[in-house]
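The structure under discussion is supplied below as structure tokens; questions concerning it will follow.
The values are calculated or read from the model by the stated rules, or taken from the named source; none is laboratory data. Worth saying up front: this structure is predicted, and the values here are computed from it rather than measured. Virtual Cβ from ideal backbone geometry, glycine too; neighbours counted across all protein chains shown.
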Amino acid sequence: MNSISTLVCFALKEEASPFRKVAIEKAGISILIVGIGHDNAERSIRKYLASNAPELVLTCGFAGGLNPNLKVGDVIFSSRNQSEPPYAGCYEKLTAAGAKPAKFFCADRIATTVAEKRKLRDETGADAVEMESAAIQAVCEEKGIPCVTVRVISDPANEDLPLDFNALAKPDKSLDFGKLAWTIAKSPGKIGALMELQKKTSFAARQLAAVLEKITSA
């Protein structure tokens, strides 16, 4: 097996892009794009771990805010096992880098409305929602590899997303750009909101990369 120090997983290349630019100069760091959702994430991480043996796995990317105190660009991490080695050292680095401990809920669909987010908050007590980390955490636990969830808020609890991206997804959960184009053609008034969302997600990805750069430094 190949041996690396840290594997950093993202669902989408857009989430990974800012960190990829700094990780290229770091020894022992590998980036894996796992795809959207539980099934894609599990399949990707199992395939990778069949021929690689990282010392630590970070499951990263965007998360929807459920806690109304979290804002776009806030970097949060799972507080699970934080007092146990080797997690303690990683959590100390995360806190020092400005990240906040949080509780995550892993869903099978994107929470697109304030009402959905409020319902998830009430039902789970989670601070944020995402779609891949539970699968990655489970596979890593099975194989005895430490795994930490590190995410950034891309849309806060008090904001609807401009479109129902669940309805625009292909069966593999990737975005169907044909459906997106048709939806925008029918509702051109959504263009401004989509451009604003792109600005927010770009900012969030840079904030996440800044924290990841600090915690993966020697």
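Read through the list (1) surrounded by 15 or more Cβ atoms within 10 Å (Cβ to Cβ); (2) over 17 Å from the mean Cα position of the chain (by Cα), then give the number of the only condition that L58 fails.
All conditions pass for L58, except number (2).
Right, something else. Does any residue of the stretch 146-165 turn out to be more than 21 Å from K200 (Cβ to Cβ) and charged (D, E, K, R)?
No: zero hits.
Any residue at all in the stretch 177-189 that's of a type outside the set (D, E, K, R), touching a residue at least 24 places away in the same chain (Cβ under 8 Å) and surrounded by 14 or more Cβ atoms within 10 Å (Cβ to Cβ)?
There is no residue in the stretch 177-189 that is of a type outside the set (D, E, K, R), touching a residue at least 24 places away in the same chain (Cβ under 8 Å) and surrounded by 14 or more Cβ atoms within 10 Å (Cβ to Cβ).
Can I ask one more? Mind checking which residues of the stretch 115-156 are under 16 Å from the mean Cα position of the chain (by Cα) and more than 23 Å from T216 (Cα to Cα)?
If the condition is that a residue be under 16 Å from the mean Cα position of the chain (by Cα) and more than 23 Å from T216 (Cα to Cα), then A126, D127, A128, V129, M131, D155, P156 are the ones that fit.
Could you please tell me which pairs satisfy a Cβ distance under 7 Å, a separation of 6+ or placement on different chains, a first residue in the stretch 137-164 that is touching a residue at least 40 places away in the same chain (Cβ under 8 Å) and more than 21 Å from A209 (Cβ to Cβ), and a second residue that is surrounded by 21 or more Cβ atoms within 10 Å (Cβ to Cβ) and small (G, A, S)?
The qualifying pairs are A157/G65.
With L66, L94 as the choices, which residue is modelled with pLDDT under 95 and buried (at least 22 other Cβ atoms within 10 Å of the Cβ)?
L94
Go through the stretch 175-212 residue by residue and tally those that are among the charged types (D, E, K, R), part of a helix (DSSP H, G or I) and modelled with pLDDT under 95.
Within the stretch 175-212, the first condition is being among the charged types (D, E, K, R), and the residues that meet it are 176, 179, 186, 190, 196, 199-200, 206.
Of the ones still in play, those that are also part of a helix (DSSP H, G or I) are 179, 186, 190, 196, 199-200, 206.
Now restrict to residues that are modelled with pLDDT under 95: 179, 186, 190, 196.
Adding up the residues that qualify gives 4.
Tell me which helices (runs of 4 or more DSSP H) are completely within the stretch 8-109 and hold 3 or more residues being of a type in the set (D, E, K, R) and over 17 Å from D155 (Cβ atoms), or say none if there are none.
It comes to 13-23, 38-49.
While we're here: Considering each of D160, D164, D172 in turn, give the residue that is under 30 Å from Y48 (Cβ atoms), acidic (D, E) and outside any strand (DSSP E or B).
Of D160, D164, D172, the one residue that is under 30 Å from Y48 (Cβ atoms), acidic (D, E) and outside any strand (DSSP E or B) is D172.
Yes or no: A209 touching a Phe, Trp or Tyr at 6+ places or on another chain (Cβ under 7 Å), surrounded by 12 or more Cβ atoms within 10 Å (Cβ to Cβ) and within 27 Å of Y91 (Cβ to Cβ)?
Yes.
Please specify each residue of the stretch 24-54 satisfying the condition of being farther than 20 Å from A99 by Cβ, touching a residue at least 60 places away in the same chain (Cβ under 8 Å) and among the charged types (D, E, K, R).
Selection gives D39, E42, R46.
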